[in-house]
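Only one structure is covered here, and it is reproduced in the block below.
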Amino acid sequence: MSPIADRIKELKEKHNVLILAHYYQPGDVQDIADMVGDSYGLAKASAGTGAAYIMFCGVKFMAESAKILSPEKTVILPAMDAGCPMADMIDAARVKALREQYPDAAFVGYVNTSAEVKAEIDVCCTSSNAVKVVQSLPEKQIVFLPDANLASFVARQVDKEIIAYNGYCIVHKRVSSEHILAVKNEHPGVPFLVHPECTKDVVALADFVGSTAQIIKYATESPEKKFIIGTEEGILHQLKKDNPDKEFIIASNQFVCVNMKKNSIEQVLAALEAIDAGQPINTITLSDEMIAKARRSLDRMLEIGG
Ligand code: 13P
Ligand code: SF4
């Protein structure tokens, strides 16, 4: 272990800090984490921890969800400017306006939303359980927000009217089906695994569609030895760790989320040193009222399951 990783280990144990990292984080951040996971797995871990602090190496909506699910904990986001452009595409006022337009619909919100949006919807979902969440609802009409690509992926698998908001992930939307076809032609017969935030045309070319954790599980259990990966490049770190004998080809060098890369191990250490000095930095603060309102939609998702 490097001296910085050693010091991180020492401080996190001393202060009972749970370090969570998303699969899109830089590899050295994933390596010092207590748990690496997809949005659903990390939300579940933050709801059930006995740690005093949660250090969330991801983007802001994820750290906010951890705070909502564990309000008594101090939740820290090492890089406070790590946001999600998709989450910023919708606010509470727009949800309220849609509620007036569709009074009979159930409102399903991707976890990639702010706390104020979570406070206005009926239930959250992640990319791993979106279909299950929508299917579990009695309503036939669903307003699905903010990701139009995930909404369209869900709509193709359920017998319900899905009204999609027009948000999108700037990273996954960048890659076109023409580009993917060229990559597939270079590697004939190699399975193509994608995230449902990709466009409908890209998803149509996939052999498997799933969340980051589901993509890793699929590749690990598959007898195939080579895969084309259609999601953010940080996932390669865990894919290679779990499958040293397999080859992974990132479908495009455009699959980089600059926000996910804002956390560094230096910032993780700085945030731990601040705890050690008795003055935690980069803590997530939400009002008790906001936490109580936003918690309903997250709790409902966790009850439905992954
Ligand atoms: P998952 O972790 O659910 O695969 O989602 C990816 C994502 O875009 C997180 O921002
Ligand atoms: Fe947001 Fe897309 Fe980055 Fe995920 S990959 S944090 S959805 S911009």
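Assuming charge only on the beta carbon of Lys and Arg (+1) and of Asp and Glu (-1), the dipole of the chain about its Cα centre is about 240 debye to the nearest 20.
Taken about its Cα centre, segment 69-157 carries a charge dipole of about 280 debye when Lys and Arg each add +1 at the Cβ and Asp and Glu each add -1 at the Cβ. Annotation for segment 78-133 versus segment 142-166: alpha-carbon center distance of 13 Å. Of the residues 291, 101, 275, the one whose Cα sits farthest toward the positive end of the charge dipole of the chain, with +1 on the Cβ of Lys and Arg and -1 on the Cβ of Asp and Glu, is 101. Per-peptide packing, taken as the mean over residues of other Cβ atoms within 10 Å, places 36-42, 170-176 in the sequence 36-42, 170-176 from highest down. Which distance in Å, rounded to a whole number, links the C-alpha centroids of segment 273-306 and segment 1-21? Answer, in whole Å: 21.
The ranking of 153, 56, 208 from fewest to most other beta carbons within 10 Å of each one's beta carbon is 208, 153, 56. Between 62, 216, 49, the Cα set farthest toward the positive side of the dipole of the chain (charges on each charged residue's Cβ, about the Cα centre) is that of 216.
Under the convention that each Lys and Arg Cβ holds +1 and each Asp and Glu Cβ holds -1, the size of the dipole of segment 188-306 around its Cα centre is about 200 debye.
Positive end of the dipole of segment 153-306, charges at C-beta (+1 Lys, Arg; -1 Asp, Glu), about the Cα centre: which of 205, 236, 193 has its Cα farthest in that direction? It is 205, whose Cα lies furthest towards the positive end. Remark: 225, 261 ranked as 225, 261, counting other beta-carbon atoms within 10 Å and listing the fewest first.
Averaged over residues, the count of other Cβ atoms within 10 Å places the peptides 102-114, 80-92 in the sequence 102-114, 80-92, highest first. Here 145, 239, 286 are placed in order of increasing Cβ neighbour count within 10 Å, fewest first, which gives 286, 239, 145. What separates the Cα centres of segment 56-72 and segment 219-245 is a distance of 27 Å.
Bear in mind that the values in this text are calculations on the coordinates, not laboratory data. Because the structure is predicted, anything quoted here is derived from the model rather than measured. Positions of Cβ are backbone-derived with ideal geometry, glycine not excepted, and every protein chain shown enters the neighbour counts.
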